[in-house]
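Let me begin by presenting the structure, written as structure tokens, before commenting on it.
The values are calculated or read from the model by the stated rules, or taken from the named source; none is laboratory data. If you're wondering where the values come from, they're calculated on a predicted model, not measured in any experiment. Here the Cβ positions follow ideal geometry from the backbone for every residue, glycine too, while neighbour counts run over all protein chains shown.
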Amino acid sequence: MIRKVLALINKSDVVVEVVDSREPDLTRSRKIEDISRRKDKKLLIVINKGDLIPLDVLQKWKEYIERKDEIPTVYISATGHLGTKVLRDKIKELLGGKQEGIVVLVGYPKTGKSSIINALKGRHSATTSKFPMSYGYTKAVQLFRVDSRLYIWDTPGIIPPDGNELERIIRGINVDKLEDPVRAAKLLFDRIQQFDPNVIKNVYKLDYSDYYDFLNKLALKRGWIYKTTKEPNIDEAAKVLIRDYHDGKIIYYTYPPDVKTDDKSSSV
Ligand SMILES: Nc1nc2c(ncn2[C@@H]2O[C@H](COP(=O)(O)OP(=O)(O)OP(=O)(O)O)[C@@H](O)[C@H]2O)c(=O)[nH]1
Ligand SMILES: [Mg+2]
């Protein structure tokens, strides 16, 4: 699939990399960006799911990427219909004077590429899905006509070769097919705890001492108990954490690296 996406990059005028607002850094691919640059394509980063995080953090990410990597960046909420006009205008600007051409949307699974097509078209044309590889996810490349002069390729989500382990596991595999959901969800749990230790407590209204205590308590609270052993079904609890993250129910966010340093130095 990566090959197909690379072939489409060749055929397009603008490459739009779609990232998740909660993890812009982990859902970016420097490889895809480098390849697009080498092929002399215009590159645009879209921070999607902007409704999930505060506006000032979105703004900080935009400034950071534009300053550090010199890649034009916009933030939007495809499902909240925010920023669609800014995105359309930016694409037209990158297409230059003729304002017409072909754009390709690329990115990790479940960053909202198909939802962006729908937002730009103003109606539901591309199929979408809540969870990786679940009914409605993008299986093949498809060309959409967004207006009389603009065509956009929707592509299946790809896990780039430089993909981060957490993103690779939670976005690359159907949640029900995870071999070891407890291990997969631990990566997500640790990441969330690192940025905001209260998020999970608030979402599930649970107090817990550590990861396994959390899984046990969640399984008991929801009544997921193995009939034979009477043990809590922690696999199910782990899957719920991952599903709720995809579903936008778990809201945590990260800061650009330099902002973190600034905060630290200003608090000394
Ligand atoms: N909160 C929120 N959810 C969004 C937004 N955009 C998309 N989603 C949701 O994210 C999920 C994934 O959206 P898709 O458009 O299917 O994502 P995709 O990148 O096309 O996914 P693949 O085709 O599997 O790679 C869906 O449940 C969407 O409703 C957004 O701006 N905000
Ligand atoms: Mg899709």
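I'm told F195 meets every condition in (1) of a type in the set (A, V, I, L, M, F, W, C); (2) at pLDDT 95 or above; (3) more than 14 Å from I242 (Cβ to Cβ) except one. Can you identify the failing condition by its number? Of everything listed in (1) of a type in the set (A, V, I, L, M, F, W, C); (2) at pLDDT 95 or above; (3) more than 14 Å from I242 (Cβ to Cβ), F195 misses just condition (2). A count restricted to region 67-117 and to residues that are in a helix (DSSP H, G or I) and within 19 Å of the chain's Cα centre (by Cα) stands at 7. Given (1) in contact with an Asp or Glu (Cβ under 8 Å, 6 or more places away or on another chain); (2) farther than 25 Å from K98 by Cβ; (3) not aliphatic (A, V, I, L, M), identify the lone condition not met by E33. The single condition E33 does not satisfy is (2).
Taking I116 as the residue in question, decide whether it is crowded, with 19+ Cβ neighbours inside 10 Å, more than 14 Å from ligand 2 (Cβ to nearest atom) and either modelled with pLDDT of 95 or more or among the acidic types (D, E) (or both). No, not satisfied. Say whether the condition of being at pLDDT 95 or above, farther than 24 Å from R171 by Cα and of a type in the set (S, T, Y) is met by at least one residue in region 202-211. Yes, because at least one residue in region 202-211 is at pLDDT 95 or above, farther than 24 Å from R171 by Cα and of a type in the set (S, T, Y). One residue is enough: does region 75-87 have a residue meeting the conditions assigned by TED's automatic domain parsing to the domain that holds K11 and without any contact (Cβ under 8 Å) to a residue 24 or more places away in the chain? Checked against the condition, which is being assigned by TED's automatic domain parsing to the domain that holds K11 and without any contact (Cβ under 8 Å) to a residue 24 or more places away in the chain, region 75-87 yields at least one hit. If you go through region 1-55 and keep only what is small (G, A, S) and either in contact with a Leu (Cβ under 7 Å, 6 or more places away or on another chain) or under 21 Å from R191 (Cα atoms) (or both), you end up with S21, S29, S36, G50.
When you check I91 against the structure, is it touching a residue at least 24 places away in the same chain (Cβ under 8 Å), crowded, with 21+ Cβ neighbours inside 10 Å and under 27 Å from R243 (Cβ atoms), yes or no? Against the criterion (touching a residue at least 24 places away in the same chain (Cβ under 8 Å), crowded, with 21+ Cβ neighbours inside 10 Å and under 27 Å from R243 (Cβ atoms)), I91 does not qualify. Summed over region 114-142, the residues that are within 11 Å of ligand 1 (Cβ to nearest atom) and under 18 Å from P72 (Cβ atoms) give a count of 1.
Criterion first (under 28 Å from M133 (Cβ atoms) and of a type in the set (A, V, I, L, M, F, W, C)) does L6 satisfy it? Spelling it out, L6 is indeed under 28 Å from M133 (Cβ atoms) and of a type in the set (A, V, I, L, M, F, W, C). K121 meets each of the listed conditions (1) of a type in the set (K, R); (2) within 16 Å of ligand 2 (Cβ to nearest atom); (3) under 20 Å from the mean Cα position of the chain (by Cα) apart from (3).
If you check E23, E70, E63 for being within 16 Å of ligand 1 (Cβ to nearest atom) and out of contact with any strand residue (DSSP E or B) (no Cβ under 8 Å at 6 or more places or on another chain), only one passes: E23. Within region 221-229, identify whether any single residue is surrounded by 15 or more Cβ atoms within 10 Å (Cβ to Cβ) and under 23 Å from G172 (Cα atoms), and answer yes or no. No: region 221-229 contains no residue that is surrounded by 15 or more Cβ atoms within 10 Å (Cβ to Cβ) and under 23 Å from G172 (Cα atoms).
Pairs linking a residue in region 248-268 that is farther than 14 Å from W61 by Cα and of a type in the set (D, E) to a residue that is loosely packed, with under 11 Cβ neighbours inside 10 Å and modelled with pLDDT of 50 or more, with Cβ atoms under 6 Å and 6 or more positions apart or on different chains, do not occur.
Condition test on V175, is it closer than 21 Å to Y255 by Cα and either in contact with a Lys or Arg (Cβ under 6 Å, 6 or more places away or on another chain) or within 16 Å of ligand 1 (Cβ to nearest atom) (or both)? No. Annotation: T155 fulfils all but one of (1) closer than 24 Å to D244 by Cβ; (2) crowded, with 16+ Cβ neighbours inside 10 Å; the unmet one is (1).
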